[in-house]
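Novice: Below is the structure I would like to discuss, written out as structure tokens.
The values are calculated or read from the model by the stated rules, or taken from the named source; none is laboratory data. In this text, all values refer to a predicted model and were calculated from it rather than measured experimentally. Here the Cβ is made from the backbone with ideal geometry for all residues, glycine too, and neighbour counts use every protein chain on show.
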Amino acid sequence: MISGQISTTVLPFATFFVAIKGMKSFGKIVFRGLVTLIPLVLTFYLIATVIKLLESLLKNVLTLVLPESEYVPGLGLIFSLVFIYAFGLLLNYYVIRKFVQFGERQLLKIPLVKAIYSPLRDIVQLFSKNNRQFGKPVWVELDQLGFKAFGLVTREDFSDLGIDRVTKDMVTVYIPLSYQLGGYTFLVPKNKLTPIDLPVEKAMSLAITGWIKNSKSENTNDTVLNG
């Protein structure tokens, strides 16, 4: 009789602890799946968004020439890539390049267009591999605080702004914030900078993720999958 009462009392507790252990195992597996899937899903989503954008660029133009029944999905993407490639080739010609620059100057005279186009152009140029003036990764010495901050040199020449006297021996450095879009831009003396031997893309990737990557980052997925 007593043993039956003990069994009746202990059984619910044993079931409870087994359920808790099962929930922990379930949560661990779900977390492992999320860590693996989220970067993959976001990557494919961004790729699909870019493809959809390229497809739509010339789709409307092609449907004016081709009958709707003869239009094959993907033609817009192919013609968009061909157009972009051809435009890049044309820019190799001096006359075409000067004509585009002239058109750009005219666009920049429109206040609204200038406010949108100019910053976007500068951001694209910042990460251009052919741009050797902008985007140099550096450490900024913060002597009073006792540490260094990561930044990108965005401007070294201020002659076009007419403020050379104020900016003598100084450069502008953009310091990005981790895990968000944004940052701070400072005028920094050149002797307070230490160059970093890293590509701009790699340096920005590390800065945005709080520098959590390391030399073993290639094995991260294997570690996650293997628990």
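Novice: Take the stretch 87-100 and flag every residue that is part of a helix (DSSP H, G or I) and surrounded by fewer than 11 Cβ atoms within 10 Å (Cβ to Cβ).
Specialist: Those that are part of a helix (DSSP H, G or I) and surrounded by fewer than 11 Cβ atoms within 10 Å (Cβ to Cβ): Gly88, Leu89, Tyr94, Val95, Lys98.
Novice: How about the stretch 67-85: which of its residues are part of a helix (DSSP H, G or I) and surrounded by 11 or more Cβ atoms within 10 Å (Cβ to Cβ)?
Specialist: Leu75, Gly76, Leu77, Ile78, Phe79, Ser80, Leu81, Val82, Phe83, Ile84, listed by residue number.
Novice: Please state which one of Thr167, Thr194 is touching a strand residue (DSSP E or B) at 6+ places or on another chain (Cβ under 8 Å), modelled with pLDDT under 75 and not assigned by TED's automatic domain parsing to the domain that holds Val100.
Specialist: Only one candidate passes the filter, namely Thr167.
Here is a yes/no grid of residues against (1) modelled with pLDDT under 80; (2) at positive phi; (3) touching a Cys at 6+ places or on another chain (Cβ under 8 Å); (4) among the hydroxyl-bearing types (Ser, Thr, Tyr):
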| site | (1), (2), (3), (4) |
| --- | --- |
| Val140 | no, no, no, no |
| Lys148 | no, no, no, no |
| Ile163 | yes, no, no, no |
| Val171 | no, no, no, no |
| Tyr179 | yes, yes, no, yes |
| Trp211 | yes, yes, no, no |
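Novice: Is there a residue being surrounded by fewer than 10 Cβ atoms within 10 Å (Cβ to Cβ) and among the β-branched types (Val, Ile, Thr) anywhere in the stretch 56-66? Give the steps one after another, and end with the answer.
Specialist: Our first condition is that a residue be surrounded by fewer than 10 Cβ atoms within 10 Å (Cβ to Cβ); within the stretch 56-66, this holds for 60, 64-65.
Subset that is among the β-branched types (Val, Ile, Thr): 65.
Checking the stretch 56-66: at least one residue is surrounded by fewer than 10 Cβ atoms within 10 Å (Cβ to Cβ) and among the β-branched types (Val, Ile, Thr).
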